[in-house]
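The values are calculated or read from the model by the stated rules, or taken from the named source; none is laboratory data. Note that the structure is a prediction, hence the values are computed from the model and not measured. Backbone-built Cβ (ideal geometry, glycine too); neighbour counts: all protein chains shown.
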Amino acid sequence: MSHIVGKSAYKSLEERLNRFPQGAPPSKVLYQILEILFSEKEASLVAQLPIKPFTLKKAASIWKISEKEAKNILDGLASRAIILDIVQKGVQTYILPPPMAGFIEFSMMRTRGDIDQHLLGELLYQYMNVEEDFIKMLFYSSETKLGRVFVNEEALKKTEESKELENLVQILDYERASHIIESSEHMGISMCYCRHKMQHVGKACDAPLDICMTFGNVANSLINNGYARRVDKIEGIDLLQQAYESNLVQCGENVREGVTFICNCCSCCCEALVAAKKFGVLHPVETTNFLPKINYDTCINCGRCLKACPVNAIKKENGIIVIQEELCLGCGVCGRNCPKSSILLMPRENKIITPVNSVHRAVLMAIEKGMLQELIFDNKALYSHRAMAAILGAILKLSPVQKLMASKQMKSIYLEKLLKNY
């Protein structure tokens, strides 16, 4: 009987995870991962939590226990980085992050003795790198991407210093990883989940390990619970420079405001870059607004850019270096490695549109996946919830076509009238 109860609890948890746009396709391996991270009781309790941020009082009410008991449970989950405990406008709130970028990553962002991390690493490798359903859902199930690439600022500087192209290239603050570091209230550094996972299956590279960056309330929660160490802006910029020197690609949250993470990714361990090489033109993360262009008058055909490209977007064709623009992420690693500064970053013809914040991105992803009703009619949150207003506000800013998609999916005469009258 306990086996049946346990499976029921983990099934409920899996279904709860898949109510959010960033879900986790069910499989035998997923259940094994959840069993390592959650006890049966925890799985049952977490499965009942809202999608949106919630208070201690709300959790106690849902679980029908005292606030003291609820706090002990929530604090225990937060101490293992399963739930994030954050303060918003002076109010203590909690949120269950998605599996990725979320509690699955957090589980490998430090060395732990409370779980079998070697077994977990093997299971995560199977789920992420062998089975394809999760990667396809994470990276390819919506047009709006979870992550985006930040341009290599050293490579861009070469373009800015070019006399022929002076003042032609402009970069906005949100496109610079350095701006995110310099403007964030909290910054934490953790162990790279991808390379740590690969260590447990004997496939890790020698790229820096302690270089995973988190920001804002997410960073503060991870720092307070021992999953990240606090760093100041000076050390943050130094670590970014270390990432540049290691030819790592900065992949961060696909928003303009309130970026919560920037990963420094290698092409052999990072799921996004591995997927980019595997699936070609189907970009797993949003590209930058730039593309590299080769000045063949100064190019010496040395091939350094070809070797440095993290997604195999550069090749030799009839002895000439050629950039395959349809594969290129626009990271600029190639330009940084060119000894003759023959590769300059130029603006893409079509500008990439980045969601304003995480609410805006979640709404867009939910619309594209047909899951908008899950965000709005969360059965554990009141319609008057502050997050509800934020979601509706994001909907009202959508294009007419996207509004029509939203109204059709909602099957709600009220939302339809709201959108028409806006």
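Summary table below
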{"item": "Any hit, region 118-126, residues being buried (at least 21 other Cβ atoms within 10 Å of the Cβ) and under 15 Å from the mean Cα position of the chain (by Cα)", "result": "no"}
{"item": "Given (1) closer than 21 Å to PHE20 by Cβ; (2) under 15 Å from the mean Cα position of the chain (by Cα), number of the condition ASP85 does not satisfy", "result": "(2)"}
{"item": "Any hit, region 273-281, residues being in the same structural domain as PRO310 (by TED's automatic domain parsing), closer than 26 Å to ARG112 by Cβ and touching a residue at least 12 places away in the same chain (Cβ under 8 Å)", "result": "yes"}
{"item": "Candidate set from region 337-357 (those that are within 25 Å of the chain's Cα centre (by Cα) and of a type in the set (Lys, Arg)); member that is nearest to GLY280 (Cα to Cα)", "result": "ARG348"}
{"item": "Matching residues, region 25-49, being under 21 Å from GLY121 (Cβ atoms) and of a type in the set (Lys, Arg)", "result": "LYS28"}
{"item": "Where a residue in region 92-110 is outside the structural domain of ASN217 (by TED's automatic domain parsing) and its partner, wherever it lies, is among the polar types (S, T, N, Q) and in a loop (DSSP other than H, G, I, E, B), with Cβ under 6 Å and at least six apart", "result": "THR93/THR55; PRO98/GLN22"}
{"item": "Sole residue being aliphatic (A, V, I, L, M) and modelled with pLDDT of 95 or more, chosen from LEU273, LEU248, LEU282", "result": "LEU248"}
{"item": "Hits in region 78-125 (condition: in contact with a His (Cβ under 9 Å, 6 or more places away or on another chain) and either outside any helix (DSSP H, G or I) or not hydroxyl-bearing (Ser, Thr, Tyr) (or both))", "result": "MET108, MET109, ARG110, THR111, GLN117, HIS118, LEU119, LEU120, GLY121, GLU122, LEU124"}
{"item": "Selected residue (criterion: farthest from the chain's Cα centre (by Cα)) from residues of region 240-258 that are over 10 Å from ILE181 (Cα atoms) and among the aliphatic types (A, V, I, L, M)", "result": "ALA243"}
{"item": "Any hit, region 136-144, residues being assigned by TED's automatic domain parsing to the domain that holds ILE189, out of contact with any strand residue (DSSP E or B) (no Cβ under 6 Å at 6 or more places or on another chain), crowded, with 18+ Cβ neighbours inside 10 Å and of a type in the set (Val, Ile, Thr)", "result": "yes"}
{"item": "Matching residues in region 54-103 - criterion: being more than 19 Å from GLU14 (Cα to Cα), of a type in the set (Val, Ile, Thr) and surrounded by fewer than 17 Cβ atoms within 10 Å (Cβ to Cβ)", "result": "THR55, ILE65, VAL87, VAL91"}
